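Worksheet: the structure to be examined is printed underneath.
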Amino acid sequence: MKHTFSLALCLLLFACGSVLAQAPTQRIRGDVVALDGLSLQVKSRSGETLAIKLADNYVVTAVVKIDATAIKPGSFVGTASMPQPDGTLTSLEVLVLPESMRGSNEGHYPWDLRPGSMMTNATVVDVVSAGQGARRMTLKYKDGEKSVVVPEDVPIVTFEPGEKSMLVPGAHVLLTATKQPDGSLTAARVAVGKNGLVPPM
């Protein structure tokens, strides 16, 4: 069971962090409108209602808020950020990844949380105070290193096993759907915010 969940998490992060070469994909952030069997309807943040066909064995992963103390040297994180004029990055969110996902989608690449945003999946080398409750993370990945300032109010989350029963109307979700030749959307995994949390990634 543990290995199955670890594999599902790795697949989820891969799907959320890259564009698959085999088929066009669409990252969807929004709220559940309805779930009828394997037919999921999501109202996206742009206001469009999308229909997604879920796989027979689809996996639900919960996104859970955690304390900032989870960001520490040696932890593996994914952080969406905005580049600053001085070459540093200001974090928009931090995902502290479970140990089973260490190394997943490691690197620094464009992201779509905001126009111009970036994603960095890397190991925390150092964390120091940056004033006014903020922290500065030094992140090292296989091709380089980045300095990221994490403001005090930035959401910090992690993954844990979820339940299909969490996909109720109004639940906040994040998923990557694959666009089929006929234009329909399919997905095998859904990340859902626990206790009303909006997945910040």
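Computed from the coordinates by the stated procedures, all read-outs in this text should not be read as laboratory data. Quick caveat, the model's predicted, so the values are computed rather than measured. When we count neighbours, we look across all protein chains shown, and the Cβ atoms used for this are built from the backbone with ideal geometry, even at glycine.
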Proximal charge balance of residue 115 [Cβ under 15 Å; K/R count +1, D/E count -1] | +3
HN-Hα J couplings of region 157-172 from phi, Karplus 6.51/-1.76/1.60, θ = phi - 60°, integer Hz, Gly and Pro as x?
-> 9, 8, 9, 8, x, x, 10, 4, 5, 6, 7, 10, x, x, 5, 8
For the chain, modelled as a Gaussian network with Cα springs under 10 Å, which listed residue fluctuates most, 177, 70, 122?
-> 70
In a Gaussian network model of the chain with springs linking alpha carbons closer than 10 Å, the residue among 68, 191, 130 that fluctuates most is 130
Which ³J(HN,Hα) values, rounded to whole Hz and listed in residue order, are derived for region 86-93 from phi using the Karplus coefficients 6.51, -1.76 and 1.60 in 6.51 cos²θ - 1.76 cosθ + 1.60 with θ = phi - 60°, glycine and proline given as x?
-> 7, x, 7, 10, 10, 5, 9, 6
Note the angle between two axes, namely the Cα long axis of helix 2-17 and the longest principal axis of the Cα atoms of the chain, as a number of degrees from 0 to 90, rounded to the nearest 10.
-> 80 degrees
Among all the lysines, which ones have a C-alpha under 29 Å from residue 65's C-alpha, if same-chain residues fewer than 8 places away are not counted?
-> 2, 43, 53, 140, 142, 146, 164, 194
Show the residues, 5+ positions off or on another chain, whose built amide H is closer than 5 Å to the amide H of residue 50.
-> 42, 43, 44
Selection of trypsin sites (Lys or Arg not before Pro), region 97-173, meeting DSSP coil and at most 11 other Cβ within 10 Å | 142
In deg cm²/dmol, rounded to 500, what helix-only [θ] at 222 nm does the chain give when every DSSP H run of at least 4 residues adds -39500 (n - 2.57) and the total is split over its residues?
-> -2500 deg cm²/dmol
